[in-house]
Amino acid sequence: MIEIAIDKKIKTYMGYNRLRVEDVFPVSSVTKVYGPSGIGKTTFLKIIAGLITPDRGIIKVAGQTWLDTQKKINLPPQERKAGFVFQDYALFPNMTALEHLRYATQDHQLVSRLLRAGKMETFAGHRPHQLSGGQQQRLAILRALAQRPKLLLMDEAFSAMDDELRETLITDLKILLKEFGTTTIIVSHHAQETLGFADRSLKID
Amino acid sequence: MEWTPIWLSLKLAAITTLILLVTGIPMAYWLSRRGSLLKVIIEAILTMPLVLPPSVLGFYLLLSFSPNSILGKWLLEYFNISLVFSFEGLVVASVIYSLPFMVSPVKSALAHLPASLAEASYTMGKSKFETFCRVLLPNIKSSLWTAVVLTFAHTLGEFGVVLMIGGKLEGVTKVASIAIYDAVDNNQYHEANLYSLVLFAITFVIVILVFIFNRNSLKGPLE
């Protein structure tokens, strides 16, 4: 079970806003997070990953406290090791697809499995600029999964894929997520995008 | 033509570049992170050699390194080092003078990398140091080359600062640029021409190498 209760003052294009989110996420669940643009959905994911610190809050993942501002506990992102799929993919231009996965894990069997699941075997030696938008997005998802994260955070992770590819990937993803016992939180603007993937939703407003 | 001034210039440029590679890159990384007013002031100070007349910088360095100054006296008493009219003095002065040429391109390149690159690496459990070495540095390779070449070439052509600090001691501080000035001053135009041609050739080869290394970069080779 993952408990999250955070509060942060954020700057938006309309001035300052308070980002307040409180929810309990069951293990292995996939939660779709939605809400108006600029409300702080990406900030919410970054707070969970430890990349941004909220003004107040508690984050507990499988009994381990990642953040408790009252007790001054704040694990760095390196210790939280949440899988993170960034909106801009954040792929490393100097690494091939294979090197991306090997940077995340030493488990070579898992690397081969992930490449297969993402239909990326033929592109293993390609650098990001040699991949299409959809392939780059798939690589970003595979890299985030490579460390078998307890928590997977996805920011608009299927936006560059066509429907057919997304559906196939979602089927394979679900098997991996179940096997790893990974809880997923996905930010998405389009209901269609997470169809068949998310089993619960959370509105931020 | 005496080859010692050319050799001294190359030695000075190589040592300066090496020192600035080791010290300038961490400095550039620190400056590239968002920071306080103090950081802005420090960056302004580091950039001063770029805009100050070399003779002004050389004059103040001469005063600071002189055995009559607090720093010069301390260096002489505790380490038996005199930075005035010595090769070591030229190195220290060159490091200060060429600092912005190493720091600015590297800092600018690091600041332009998307923050998500480092963030992605952190979420994979990688430390800041590992992220810097394996993700950030390899992705600013062309700017690193530019910084190294600019620093080397700039040190090679130094005149005002080295003349103020080192004078023109044969075999010690008389570098190529001073040898050219000296030759012209003594009406030895043929010798001045030879020194100039050698410096021109060395600099041209270096710039050609940068253009070759950075030919696939989106940026201009010296940006």
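Counting residues that are of a type outside the set (D, E, K, R), crowded, with 19+ Cβ neighbours inside 10 Å and modelled with pLDDT of 90 or more, which helices (runs of 4 or more DSSP H) fully inside segment A:92-205 reach at least 3? Lay out the reasoning, then the answer.
Working: elements: A:97-104, A:108-117, A:133-145, A:163-180.
The qualifying helices (runs of 4 or more DSSP H) are A:97-104, A:108-117, A:133-145.
If B:ILE81 satisfies every condition in (1) of a type outside the set (Phe, Trp, Tyr); (2) without any contact (Cβ under 8 Å) to a residue 60 or more places away in the chain; (3) outside any loop (DSSP other than H, G, I, E, B) but one, which is the exception?
(3)
Applying the selection to segment A:50-63, what residues are modelled with pLDDT of 95 or more and over 14 Å from A:ILE4 (Cβ atoms)?
A:LEU51
Right, A:ARG138: within 14 Å of chain B (Cβ to nearest Cβ), in contact with a Gly (Cβ under 7 Å, 6 or more places away or on another chain), basic (Lys, Arg) and under 25 Å from A:LEU45 (Cα atoms) or not? Break it down into steps so the answer makes sense when it comes.
On the way: within 14 Å of chain B (Cβ to nearest Cβ): no; in contact with a Gly (Cβ under 7 Å, 6 or more places away or on another chain): yes; basic (Lys, Arg): yes; under 25 Å from A:LEU45 (Cα atoms): yes.
Taking the combined requirement at face value, the residue does not satisfy it.
What are the residue pairs meeting all of these: first residue in segment A:148-164, first residue within 20 Å of A:VAL27 (Cα to Cα), second residue of a type in the set (Ser, Thr, Tyr), Cβ atoms under 6 Å, and 6 or more apart or on different chains?
A:PRO149/A:THR182; A:LEU151/A:THR183; A:LEU152/A:THR182; A:LEU152/A:THR184; A:ASP155/A:THR42
Counting just the residues of segment A:58-70 that are out of contact with any helix residue (DSSP H, G or I) (no Cβ under 7 Å at 6 or more places or on another chain) and outside any loop (DSSP other than H, G, I, E, B), which one comes out nearest to A:GLY181 (Cα to Cα)?
Step one: filter segment A:58-70 for residues out of contact with any helix residue (DSSP H, G or I) (no Cβ under 7 Å at 6 or more places or on another chain), giving A:58, A:60-65, A:67-70.
Right, trim to outside any loop (DSSP other than H, G, I, E, B) and you get A:58, A:60-61, A:64-65, A:67-68.
On the way: A:ILE58: 22, A:LYS60: 16, A:VAL61: 12, A:GLN64: 15, A:THR65: 18, A:LEU67: 21, A:ASP68: 24 Å.
Residue satisfying both the conditions and the ranking: A:VAL61.
Among residues belonging to segment A:64-86 that are surrounded by fewer than 24 Cβ atoms within 10 Å (Cβ to Cβ), more than 7 Å from chain B (Cβ to nearest Cβ) and farther than 19 Å from A:LYS8 by Cβ, point out the one that is modelled with the highest pLDDT.
Filtering first and then ranking leaves A:GLU79.
Being away from chain A (no Cβ under 14 Å), part of a helix (DSSP H, G or I) and closer than 24 Å to B:VAL22 by Cα narrows it down to one residue among B:ALA179, B:ALA147, B:ALA183; which is it?
Values: B:ALA179 fails: closer than 24 Å to B:VAL22 by Cα; B:ALA183 fails: closer than 24 Å to B:VAL22 by Cα.
Going through B:ALA179, B:ALA147, B:ALA183 in turn, the sole match is B:ALA147.
Answer yes or no: is there a residue in segment B:44-58 that is buried (at least 20 other Cβ atoms within 10 Å of the Cβ), at pLDDT below 95 and touching a Ser or Thr at 6+ places or on another chain (Cβ under 6 Å).
The answer is no; no qualifying residue exists.
Those residues that are among the aliphatic types (A, V, I, L, M) and buried (at least 23 other Cβ atoms within 10 Å of the Cβ), I need them from segment B:150-172; list them, please. Can you show your working first?
The initial filter retains those residues of segment B:150-172 that are among the aliphatic types (A, V, I, L, M), namely B:150, B:153, B:156, B:161-165, B:169, B:172.
Correct list: B:LEU156, B:VAL161, B:VAL162, B:ILE165.
Considering only segment B:191-205, how many residues are under 12 Å from B:SER9 (Cα atoms), out of contact with any Leu (no Cβ under 8 Å at 6 or more places or on another chain) and of a type in the set (Val, Ile, Thr)?
Here the count works out to 1.
What are the residue pairs meeting all of these: first residue in segment A:93-104, first residue within 10 Å of another protein chain (Cβ to nearest Cβ) and under 14 Å from A:ILE141 (Cα atoms), second residue buried (at least 18 other Cβ atoms within 10 Å of the Cβ) and among the aromatic types (Phe, Trp, Tyr), Cβ atoms under 7 Å, and 6 or more apart or on different chains?
A:HIS100/A:PHE92
Okay, residues lined up against (1) closer than 22 Å to B:LYS174 by Cα; (2) more than 14 Å from chain A (Cβ to nearest Cβ); (3) acidic (Asp, Glu); (4) without any contact (Cβ under 8 Å) to a residue 40 or more places away in the chain:
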position: B:GLY35; (1), (2), (3), (4): no, yes, no, yes
position: B:LYS39; (1), (2), (3), (4): no, yes, no, yes
position: B:VAL91; (1), (2), (3), (4): yes, yes, no, no
position: B:LEU136; (1), (2), (3), (4): no, no, no, no
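Is it the case that segment B:120-129 has a residue that's over 13 Å from B:PRO26 (Cα atoms), part of a helix (DSSP H, G or I), at pLDDT below 95 and touching a Gly at 6+ places or on another chain (Cβ under 8 Å)? Break it down stepwise before answering.
Taking segment B:120-129 as the starting set, the residues that turn out to be over 13 Å from B:PRO26 (Cα atoms) are B:120-127.
Still in the list and also part of a helix (DSSP H, G or I): B:120-123.
Imposing the further condition that a residue be at pLDDT below 95 reduces the set to none.
Within segment B:120-129 (the criterion being over 13 Å from B:PRO26 (Cα atoms), part of a helix (DSSP H, G or I), at pLDDT below 95 and touching a Gly at 6+ places or on another chain (Cβ under 8 Å)), the answer is no, since none of the residues qualifies.
Would it be correct to say that B:PHE101 is without any contact (Cβ under 8 Å) to a residue 12 or more places away in the chain and in a helix (DSSP H, G or I)?
On the way: without any contact (Cβ under 8 Å) to a residue 12 or more places away in the chain: no; in a helix (DSSP H, G or I): yes.
Answer is no for this residue.
Examine segment B:105-124 for a residue that is among the aromatic types (Phe, Trp, Tyr), facing chain A (nearest Cβ under 9 Å) and crowded, with 17+ Cβ neighbours inside 10 Å, and state whether such a residue exists.
Yes: one or more hits.
The values are calculated or read from the model by the stated rules, or taken from the named source; none is laboratory data. Keep in mind that what you see is a predicted model, and the values were worked out from it rather than measured. Counting neighbours? That spans all protein chains shown, and the Cβs are built from the backbone with ideal geometry, glycine included.
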